[in-house]
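Quick notes on the structure that follows.
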Amino acid sequence: MTQYLLSIYQPDGDTPAPEVLEPIMRDVTALADEIKAAGAWVFSAGLFPSSTATVVRPDALVTDGPFTEGKEHLGGLTVITAPDLDAALEWGRRMAVATTLPVEVRPCRDVTG
């Protein structure tokens, strides 16, 4: 089976109010439990705000903040295994519904072999 990265993109700005965020987190947790029960879960992580990022460039220049200026940033990720792209896209679609945010689905290369 192939591993896929589900990247969750969120808008820059303040954290949503609890009455908005709590139902989203409930749905995300339920979906994560379902992915685990299906045996598809590999790894998940939420990320701190993009303002905490440090970028290292090949010329050894180190800068604070996100890689580029933008209106949204990578807010979290999940790595899953799926038999094919269609199955991975279905998990990605369900993640987008649960988070109410765009989710990029991308196959991972096997660099261990």
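Looking at segment 101-108, can you tell me whether even one residue there is among the basic types (Lys, Arg), modelled with pLDDT under 95 and not in a helix (DSSP H, G or I)? Looking through segment 101-108, none of the residues is among the basic types (Lys, Arg), modelled with pLDDT under 95 and not in a helix (DSSP H, G or I).
One line per residue, one yes/no per condition, for (1) of a type in the set (Lys, Arg); (2) surrounded by 15 or more Cβ atoms within 10 Å (Cβ to Cβ); (3) more than 14 Å from Thr99 (Cβ to Cβ):
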residue	(1), (2), (3)
Leu5	no, yes, yes
Ala32	no, yes, no
Gly39	no, no, yes
Ala53	no, yes, yes
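Restricting segment 60-89 to residues that are at pLDDT 90 or above and surrounded by fewer than 13 Cβ atoms within 10 Å (Cβ to Cβ), the residue that is nearest to Ile8 (Cα to Cα) is Asp86. Elements of the type strands (runs of 3 or more DSSP E) sitting completely within segment 1-62 and holding at least 2 residues that are over 27 Å from Val111 (Cα atoms): these cover 2-11. Evaluated against (1) more than 13 Å from the chain's Cα centre (by Cα); (2) exposed (fewer than 15 other Cβ atoms within 10 Å of the Cβ), Asp27 falls short on exactly one condition, (2).
The values are calculated or read from the model by the stated rules, or taken from the named source; none is laboratory data. The model shown is predicted, which means the values in this text are computed figures rather than measured ones. As a convention, Cβ positions derive from the backbone with ideal geometry for all residues, glycine included, and neighbour counts pool all protein chains shown.
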